[in-house]
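Enquirer: Structure incoming, see below.
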Amino acid sequence: MGTLIFMVGMLLTRIVLGILEPFDYMRYGSFVGEMMMIVQAVLLLLFVYFYRAFSNEFRFGACNLFMGTFRITLLKIGALFSIHALFTAGCIGLQFVLISLYFRLSGIPYSSFYTQTASYMTVYWYLPFLLAFGIGILTALLFGKHKLGLVFMIVVWLVIGPMNTTLFHQYFHQIPFSDPRSLLYIGPLSSESPFIDLLGYNVSLSVYAKIIFWILAVVLLMALILMKTTRTSWEKFTLTLLCVSLVSINTLLFPYIFTGGKLAFSFADLEAEAQYYKDIPDEMEPVFLQYEVEDYTIQLDARGPVTAQTTVALSDIRTTTLGFVLYHGFEVTQVTDQQGQTLPYTNQGDFVFVERDGERLTDQLTFSYTLNDSALVPVSEDYLFLPNAFSWIPTKTDHPPFVFDTIYDEGVDLHSVQTDQVISYTLAVEGDLPLYTNLSADGKNRYSGEVAGGVSVLGGMLTEAELGEQTVLHPNSWSDISADWKMFEPSLARVHQELLEMFHLDAGELPNQIALLALRQEWNTGYLSSDHLLYFSGSNINVSSTTHEIPGIYLNALLWNHDKRLGMSPEQILVFNELLTLHLQNETGLVLDADFTPPVVPSFTVMEKHDEEIQKVIARIYADFYSMEKNEQTEFLVLWYKEMEQVSGSWIDTAQLLQEFKGGKR
């Protein structure tokens with residue numbers, strides 16, 4: 001009881017600290033993960049408590065002194081377990097009530113976020129405490145009062161405790177969920193980020209299967225040790241039957257431990273995807289793209305493994321081999337033409353090549369494929385992440401949907417496959433998952449419309465709200481943003497208008513459908529189509545406190561994500577974006593710090609990648625840029641954007657462009 005009261009006290013302390021935080025953070029999804037250190041401490045205390053409570057039974061071999069020891073031992077274990085399970089359930093239940101009250105007082109409406117929080121606390125708090133009981137009793141049965149028992153408990157605590165993924169993160173982060181070594185941890189891979197918007201917590205069938213496997217395994221070992229205390233054939237038969245049953249159940253559970261996990265939480269799977277995009281070809285030959293796309297008819301079935309049948313109507317076909325981009329994690333099973341004939345196709349990573357007979361200038365190809373869940377693209381019957389910038393349908397483009405991050409030499413960035421062409425889409429979805437799409441509803445789970453920029457389908461832990469003239473989509477773990485939106489939306493509109501005027505763009509007004517997401521904290525960018533905006537922010541701070549981030553995120557949506565000029569230097573684009581962001585923050589009054597001093601060099605690792613001579617060139621570009629008047633800075637940024645394709649291969653060329661501009665030659 002003292003241990004459980006200690007845990008409740010620590011939770012109350014964390015709630016008070018959360019209420020008194022100086023900034024209005026929206027990291028409520030990470031709140032329960034922050035308690036994992038306390039869970040780890042409680043686990044060890046419970047190990048020791050139940051070991052001490054039971055070890056005297058075998059201190060002097062009392063089990064061999066009189067008849068009935070087996071029955072008495074079982075009764076004592078059963079009584080201890082019943083009381084422990086009951087009190088622990090009451091303690092965890094009380095903590096869930098406190099957490100729910102904290103969420104409600106923070107303005108989070110009731111949704112699946114609450115039920116998933118309860119599920120997280122069950123699998124990462126309650127069930128490990130039941131396992132702790134078993135390990136404490138098992139240690140007593142194995143070692144009695146011997147000091148080796150304490151060593152054994154500490155080793156077990158380090159090997160499979162909820163915090164070992166933090167203590168030994170360099171090892172466990174290299175293990176994919178499908179690896180048998182993942183059985184060694186019963187906690188989340190990261191206690192700092194146990195929650196991802198749209199997906200929810202790192203809770204799945206495999207997580208439950210893992211902890212139940214360990215509980216049954218410990219009970220099996222206890223039964224085998226207790227076999228020596230049996231005196232009658234009936235007792236031996238009962239324990240033998242129990243052991244056979246436990247082995248059978250664990251054998252059935254074992255395959256489920258390594259399947260069905262949420263791969264977006266797997267560091268190893270993310271690293272494998274990054275390595276994949278580091279090595280693959282990044283362009284498709286133009287000869288395979290000699291056709292035009294007229295419309296799409298998409299049928300999604302999300303009632304189990306997500307499958308799709310996408311029919312794409314083509315015109316002006318001038319090649320016998322048609323090339324499309326479709327994410328390599330999706331498994332194509334069949335391609336047919338307008339007459340229903342099966343066509344041969346080949347997969348080369350994200351490229352699908354379809355062989356077609358005949359000389360007809362028009363055709364309709366139907367692709368049948370499975371949308372497999374992956375670390376980069378979370379797709380299941382419980383959540384769908386299918387943004388318009390991503391090739392979740394066969395897309396006419398010449399590059400993969402992701403690109404390796406060459407600046408930091410790690411991770412990937414979403415490489416937009418959007419098109420400026422207006423295309424007609426028809427979408428039908430089977431399943432009970434509430435979802436958002438930028439198409440207009442034609443009936444239950446039926447949508448259609450003409451869009452330039454692609455179709456987004458998002459489903460999962462999201463909330464849709466009507467805020468003024470905008471329809472705003474955001475994670476259901478956020479508190480009510482209606483008041484903060486009154487500060488955020490005008491700033492977003494101001495940045496939008498400033499970019500339109502500065503670069504003489506014809507993009508119209510800000511769309512009325514806006515999705516605020518933070519699925520990947522490193523994706524600080526936006527994707528704009530003719531009717532909706534996907535706004536990815538890596539910040540956990542309330543939107544009203546992040547208006548200074550808008551220029552750096554939104555300029556990508558307006559300037560780069562429709563841009564087809566491939567081969568440009570990522571370094572120069574990042575430097576350009578940094579200078580433009582700071583310029584926009586000043587022009588729109590969104591400066592984070594009034595005393596902010598402009599950087600003299602890039603705020604990332606660009607400098608480290610070059611020798612001393614080039615570093616001096618880059619530093620000179622910064623110095624010359626900030627020596628100019630604001631109107632000159634604006635004019636140079638516009639010129640640099642137009643000339644980016646010509647000068648991005650060399651920092652010296654960029655420096656020369658700047659000097660020519662200052663000299664009045666450009």
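A short reminder: the numbers here are calculations on the coordinates, not readings from a lab. Quantities reported herein were computed from a predicted structural model and do not represent experimental measurements. All Cβ positions, even for glycine, are placed from backbone atoms using ideal geometry, and neighbour counts span all protein chains on display.
Enquirer: Quick check on the chain: helices-only [θ] at 222 nm, where DSSP H runs of length 4 and up contribute -39,500 (n - 2.57) each and the sum goes over total residues. Nearest 500, please. Don't skip to the end; give the middle numbers.
Expert: Values: 17 runs with 274 residues, N = 666.
So the calculated ellipticity at 222 nm is -13500 deg cm²/dmol.
Enquirer: Can you give me the relative contact order of the chain as a percent, contacts being Cα pairs under 8 Å and 6 or more apart? It would help to have the intermediate numbers written out before the result.
Expert: On the way: 1084 pairs, mean separation 71.6, N = 666.
Rounded, it is 11 percent for the chain.
Enquirer: May I ask for the distance between the Cα centers of the stretch 137-153 and the stretch 35-53, given as a whole number of Å?
Expert: Using only Cα atoms to place each centre, the spacing works out to 15 Å.
Enquirer: Between LYS228 and LEU150, what FRET efficiency comes out of the Förster formula 1/(1 + (r/R0)^6) with R0 = 22 Å and r the beta carbon distance, rounded to 0.05?
Expert: The formula returns an efficiency of 0.45 here.
Enquirer: Further question: Once amide H atoms are placed 1.01 Å from N in the peptide plane, what residues at a sequence separation of 5 or more from ARG666, or on another chain, have their amide H within under 5 Å of its amide H?
Expert: HN-HN under 5 Å from ARG666: PHE661.
Enquirer: Shape call for the stretch 57-214 from the C-alpha gyration tensor, a ≥ b ≥ c root eigenvalues: rounded (a/c under 1.5), prolate (a/b greater than b/c) or oblate? Intermediate results must be reported in sequence, preceding the final value.
Expert: On the way: a/c = 2.84, a/b = 1.61, b/c = 1.77.
It is oblate, given that a/c is not under 1.5 and a/b is not larger than b/c.
Enquirer: If I stretch the segment between LEU20 and GLU410 completely, what's the gain in nm (0.36 nm per residue apart, minus their alpha carbon distance), one decimal?
Expert: 136.8 nm
Enquirer: State which entries of LYS147/LYS228; LYS609/LYS665; LYS210/LYS262 exceed 19 angstrom in Cα-Cα distance in the structure shown.
Expert: Flagged as over cut-off: LYS147/LYS228; LYS609/LYS665.
Enquirer: So what's the gap between the Cα centers of the stretch 430-446 and the stretch 254-326, to the nearest angstrom?
Expert: For the stretch 430-446 versus the stretch 254-326, the Cα centre distance is 22 Å.
Enquirer: Defining a contact as two alpha carbons under 8 Å apart and six or more residues distant in sequence, what relative contact order in percent does the stretch 86-200 show? Could the numbers behind the result be given before it?
Expert: Numbers: 60 pairs, mean separation 25.3, N = 115.
Relative contact order for the stretch 86-200 comes out at 22 percent.
Enquirer: Now for a separate question. Could you work out how far the C-alpha centroid of the stretch 617-666 sits from that of the stretch 173-215, in angstrom?
Expert: When both Cα centres are located, 49 Å separates them.
Enquirer: Separate question: Starting from the Cα of GLU660, step 7 Å along the direction of its Cβ; do the same at THR319; then give the gap between the two resulting points in nm.
Expert: Placing both labels 7 Å along Cα→Cβ, they lie 3.4 nm apart.
Enquirer: Under 19 Å from the Cα of LYS278, which aspartates and glutamates turn up, not counting those fewer than eight places away in the same chain?
Expert: Here the aspartates and glutamates satisfying the reach criterion relative to LYS278 are ASP269, ASP350, ASP398, ASP405, ASP409, GLU410, ASP413, GLU522, GLU571.
Enquirer: Quick one: angle between helix 205-226 and the longest Cα principal axis of the chain, in degrees between 0 and 90, rounded to 10, please.
Expert: Helix 205-226 sits at roughly 20 degrees to that axis.
Enquirer: Label-point separation (nm) for THR597 and ILE280, each offset 7 Å from Cα along Cα-to-Cβ?
Expert: It is 4.5 nm.
Enquirer: Right, something else. Out of residues 5 or more away from GLU410 or on other chains, whose amide H comes under 5 Å of its own, with H placed 1.01 Å from N in the peptide plane?
Expert: Hits under the 5 Å cutoff: ASP405.
Enquirer: Let me ask another. Rounded to a whole number, what is D in µm²/s for the stretch 204-325 from Stokes-Einstein with the Kirkwood radius over alpha-carbon pairs (37 °C, 0.692 mPa s)? Spell out each step's value before the answer.
Expert: On the way: Rh = 20.4 Å.
Stokes-Einstein gives a translational diffusion coefficient of 161 µm²/s.
Enquirer: Kindly state, to the nearest 0.05, the FRET efficiency for HIS169 paired with LEU94, given R0 = 41 Å and r defined as their beta-carbon distance.
Expert: The formula returns an efficiency of 0.85 here.
Enquirer: Which whole-Hz ³J(HN,Hα) couplings does the stretch 38-50 yield from phi under the Karplus relation 6.51 cos²θ - 1.76 cosθ + 1.60, θ = phi - 60°, glycine and proline marked x?
Expert: Working through the residues one at a time gives 5, 4, 4, 5, 4, 4, 5, 4, 5, 3, 5, 4, 6 Hz.
Enquirer: How much length is gained if the chain between GLN646 and VAL617 is pulled fully straight, taking 0.36 nm per residue apart and subtracting their Cα-Cα distance, in nm to one decimal?
Expert: Gain on extension, GLN646 to VAL617, equals 8.7 nm.
Enquirer: Amide H to amide H, which residues 5 or more places from GLY460 or on other chains are under 5 Å from it, using H placed in the peptide plane?
Expert: Amide H to amide H, under 5 Å and 5 or more residues apart or across chains, GLY460 pairs with LEU384.
Enquirer: Considering Cα pairs under 8 angstrom that are at least six residues apart, work out the relative contact order of the stretch 318-464 and quote it in whole percent.
Expert: Once normalised by length, the contact order is 22 percent.
Enquirer: So how far apart, in nm, are the two label points at ALA118 and GLU632 if each is 7 Å from Cα heading toward Cβ?
Expert: Once both label points are built, they end up 6.6 nm from each other.
Enquirer: In addition: Check each of the trypsin sites (Lys or Arg not before Pro) in the stretch 531-640 and keep only those in coil by DSSP with at most 14 other C-beta atoms within 10 angstrom; list them in order.
Expert: Details: sites: LYS564, ARG565, LYS609, LYS616, ARG620, LYS630; in loops: LYS564, ARG565.
Qualifying residues, ordered by number: LYS564, ARG565.
Enquirer: Output ³J(HN,Hα) for the stretch 158-167: one whole-Hz value per residue in order, computed from phi by the Karplus curve 6.51 cos²θ - 1.76 cosθ + 1.60 with θ = phi - 60°, and x for Gly and Pro.
Expert: 6, 6, 10, x, x, 9, 5, 6, 8, 5
Enquirer: OK, next. Please return the longest stretch of the chain lacking exposed loop sites, where GluC sites (Glu not before Pro) count only if DSSP places them in a loop and at most 14 other Cβ atoms lie within 10 Å. Present the calculation step by step, with values, prior to reporting the outcome.
Expert: Numbers: sites that count: GLU192, GLU283, GLU359, GLU410, GLU469, GLU509, GLU522, GLU629.
Result, exposed sites excluded: 1-191.
Enquirer: Further, regarding this structure: Just to check, using Stokes-Einstein with a Kirkwood Rh over alpha carbon pairs, what's the diffusion coefficient of the stretch 1-136 at 20 °C and 1.002 mPa s in µm²/s?
Expert: 127
Enquirer: What ³J(HN,Hα) values, in whole Hz, does the Karplus curve 6.51 cos²θ - 1.76 cosθ + 1.60 give for the stretch 499-514 when θ = phi - 60°, with x put for Gly and Pro?
Expert: These are the phi-based 3J(HN,Hα) values: 5, 4, 6, 5, 9, 6, 9, 10, 9, x, 7, 4, x, 8, 10, 9 Hz.
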